[in-house]
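Colleague: Attaching a single structure in structure tokens format; questions to follow.
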Amino acid sequence: MRALHAETSRLRQATATLKLEEVKLRAVLREDATHVPLHEIKASVGALQEEKVELSSRLAKLRSGSVKPVGVEECAEVLKEHSKWRKAAIARKNIRNELWMELASIVGTREEIEETKEALGLEF
């Protein structure tokens, strides 16, 4: 009986020691997770410097006045084209919705409609 009691107390002490070690290791892990490795920092700095150079050159071009402003006629033409394509997109969307409504009345359940969409490779 004494041997069992001694073994139980030894195991309890070992468990307590392991739990303290776990707490310490978790703290170290949490602390290390907040540090960014040096090579990642260097890579980020390099990418940001390249982006800064590119943006600076674009800004210098804009400030120099060598960029030709968009004319009134060109702007009107772009807006006209945009309006035309927007109307076409709306019409296509309405046609698509009508087709799916018709398909829904034929196919039946929602699950079958979803399976049909998946079989056709459609996502909308």
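Taken together, the values in this text are just the output of simple stated rules run on the coordinates, not laboratory data. Source: prediction; values computed, not measured. Glycine gets a Cβ as well: all are built from the backbone with ideal geometry, and neighbour counts include every protein chain shown.
Colleague: If you scan the range 87-121, which residues turn out to be in a loop (DSSP other than H, G, I, E, B) and hydroxyl-bearing (S, T, Y)?
Modeller: Within the range 87-121, just T109 meets the criteria.
Colleague: A3 fails exactly one of the following numbered conditions: (1) assigned to a helix (DSSP H, G or I); (2) surrounded by 10 or more Cβ atoms within 10 Å (Cβ to Cβ); (3) not acidic (D, E). What is the number of that condition?
Modeller: (2)
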